[in-house]
1. For the subset of region 65-79 comprising residues that are open to solvent by 20 Å² or more (accessible area, probe 1.4 Å) and within 6 Å of the ligand (Cβ to nearest atom), which member is nearest to residue 16 (Cα to Cα)?
2. Please tell me if residue 9 is more than 15 Å from the ligand (Cβ to nearest atom) and modelled with pLDDT of 95 or more.
3. List, please: which pairs have Cβ atoms under 7 Å, are six or more places apart or on different chains, and start with a residue in region 101-114 that is more than 15 Å from the ligand (Cβ to nearest atom) and end with one that is in a strand (DSSP E or B) and at pLDDT 95 or above?
4. Go through region 112-145 and report how many residues are more than 20 Å from residue 26 (Cβ to Cβ) and under 15 Å from the mean Cα position of the chain (by Cα).
5. Mind telling me which of the residues 118, 132, 109, 96 ends up being open to solvent by 50 Å² or more (accessible area, probe 1.4 Å) and touching a Ser or Thr at 6+ places or on another chain (Cβ under 9 Å)?
6. Restricting to helices (runs of 4 or more DSSP H) lying wholly in region 32-104: which have 2 or more residues that are of a type in the set (Lys, Arg) and either touching a Phe, Trp or Tyr at 6+ places or on another chain (Cβ under 9 Å) or modelled with pLDDT of 95 or more (or both)?
7. Using beta carbons and a limit of 7 Å, which pairs, at least six apart or on different chains, have the first residue in region 60-79 and in contact (Cβ under 8 Å) with a residue 40 or more places away in the chain and the second one part of a loop (DSSP other than H, G, I, E, B) and more than 10 Å from the ligand (Cβ to nearest atom)?
8. For residues in region 35-64 being within 15 Å of the ligand (Cβ to nearest atom) and of a type in the set (D, E, K, R), which is surrounded by the most Cβ atoms within 10 Å (Cβ to Cβ)?
Amino acid sequence: MRVSIASDHAGFDQKQHLAHYLRDEGFEVADLGPATDDRVDYPDFARAVAEDVAAGNSRFGVLVCGTGIGMAIAANKVPGIRAANVIDPRFAELTRQHNDANVVTLSGRFVSLEDNQRIVNVFLNTAFEGGRHADRIQKISDLEQ
Ligand code: RB5
């Protein structure tokens, strides 16, 4: 399974580690940058991952900034993207089961690498439950029209 990952400067260190971690876990990882921890604007990288996922190049996206909040706000502007800012593995499970989230956004400043590894692992390995939740996802898609 292909996963696209990116960050801003605040999430750069964790992005590097998470990309290695995901490759070790057997995922095909598309690292969409940045290549250094120089200051950058998070919407540029949220857009790159969101468009890659929306185009079907990757099944899921992972974005890391200081809080994860800006990345989620920006990624959710791209049609077809359901980005969830997650700071707890239980929420990673629920946002896959109920919201069919296809991008997870993480905090590189307030959540440890170990916790973010757990979050990403749960996120990428939990299925959408469908059923009554599918109707609600359709209503979210309708908001894009
Ligand atoms: C960068 O200082 C910071 O604003 C950014 O990483 C992120 O936390 C925005 O939501």
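The values are calculated or read from the model by the stated rules, or taken from the named source; none is laboratory data. Fair warning: this is a prediction, and the values are worked out from it, not measured in the lab. Positions of Cβ are backbone-derived with ideal geometry, glycine not excepted, and every protein chain shown enters the neighbour counts. Ligands, DNA and RNA are excluded from the accessible area calculation, which covers all protein heavy atoms including side chains. Shrake-Rupley method; radii C 1.70, N 1.55, O 1.52, S 1.80 Å.
1. Ranking the qualifying residues of region 65-79, first place goes to 67.
2. No, not satisfied.
3. 101/83; 101/84; 102/60; 102/61
4. 1
5. Result: 109 is the single residue among 118, 132, 109, 96 that is open to solvent by 50 Å² or more (accessible area, probe 1.4 Å) and touching a Ser or Thr at 6+ places or on another chain (Cβ under 9 Å).
6. 89-97
7. From region 60-79, the pairs are 60/102; 61/102; 79/144.
8. Checked region 35-64; the qualifying residue surrounded by the most Cβ atoms within 10 Å (Cβ to Cβ) is 47.
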